[in-house]
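Before any comments, here is the structure.
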Protein chains: 2
Amino acid sequence: MEDETFDIAGGSSVGAAQRVFHALSSAPRRKILAYLSASGLTAGEIADRFSMSKPAVSQHLSVLETAGLIRREKQGQFVHYSLIENNLVNTLNGFVQEVCPVGRPIKKESQARARVKEAP
Amino acid sequence: MEDETFDIAGGSSVGAAQRVFHALSSAPRRKILAYLSASGLTAGEIADRFSMSKPAVSQHLSVLETAGLIRREKQGQFVHYSLIENNLVNTLNGFVQEVCPVGRPIKKESQARARVKEAP
DNA sequence: AAAGTAATTAGGTAATTGCTTAATTAATGA
DNA sequence: TCATTAATTAAGCAATTACCTAATTACTTT
């Protein structure tokens with residue numbers, strides 16, 4: 001596991017958790033993630049769902065991609081975006097674990113459930 | 001349950017989820033939450049753990065309090081801060097649920113475990 | 001009451017963010 | 001090849017953020 005104790009103060013470089021939390025701090029970006037949770041969409045389809053300009057949406061997509069929360073796939077002249085679920089859940093879960101004792105049992109349950117799925 | 005579909009676009013006022021995510025977007029603030037997860041601390045004790053000025057830390061504490069993530073309790077000339085665990089976990093869990101199908105079983109497990117604790 | 005300590009508020013500044021419009025790159029189809 | 005469509009990059013601007021130092025408020029101690 002990559003323990004960076006979530007990017008605390010001193011470090012000069014910007015860590016992965018910092019990028020994820022920064023990405024999540026914007027309502028439009030969280031809305032984009034919600035759209036993508038239902039299905040992959042092109043940049044244009046995403047932009048259509050907002051009242052802001054296309055370049056603005058494009059920037060939000062770029063922030064989300066840099067954070068490793070979505071993936072970009074060029075198909076002809078379109079760019080398809082889709083959610084990377086793991087990175088989101090792992091970052092939030094890792095954080096909750098460190099901050100909040102309540103989080104720990106949840107993770108254990110989740111692992112137990114995963115094992116059951118592997119060998120039912 | 002308070003369903004604001006996490007503060008999407010249109011709304012003029014700033015919603016609760018937005019405040020939480022904004023609060024979490026800062027590394028020093030996440031660090032404060034981590035400190036408080038171990039034990040309550042006074043404003044001064046928190047400030048001592050950072051290299052930035054005391055007023056700067058005070059502002060971070062204020063952001064966290066406004067987001068409902070920590071509570072302030074004045075005791076004599078000291079101000080004691082402590083974590084409000086529920087709000088953090090609920091907001092993140094609520095978000096993961098909406099964005100990420102993977103999240104749903106986690107919440108069900110969590111609720112089941114809660115029921116067991118209520119009536120063991 | 002005066003001095004000391006804890007914490008916040010006030011005021012100011014440099015850097016960042018979130019948008020805009022205009023320009024550019026890239027793929028498609030007439 | 002030339003026009004159209006999709007998307008991004010570039011340039012610029014107003015608003016916000018994150019910090020600082022100085023001043024203030026509120027307790028405590030002598």
For the stretch B:19-93, the percent of accessible surface on carbon and sulfur atoms (probe 1.4 angstrom, ligands and nucleic acids excluded) is 45
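May I ask for the accessible area buried between chains B and A, both sides summed, probe 1.4 Å, to the nearest 100 Å²?
Buried surface at the B/A interface: approximately 3100 Å².
The values are calculated or read from the model by the stated rules, or taken from the named source; none is laboratory data. Worth saying up front: this structure is predicted, and the values here are computed from it rather than measured. For accessibility, only protein heavy atoms count, side chains too; no ligands or nucleic acids. Shrake-Rupley method; radii C 1.70, N 1.55, O 1.52, S 1.80 Å.
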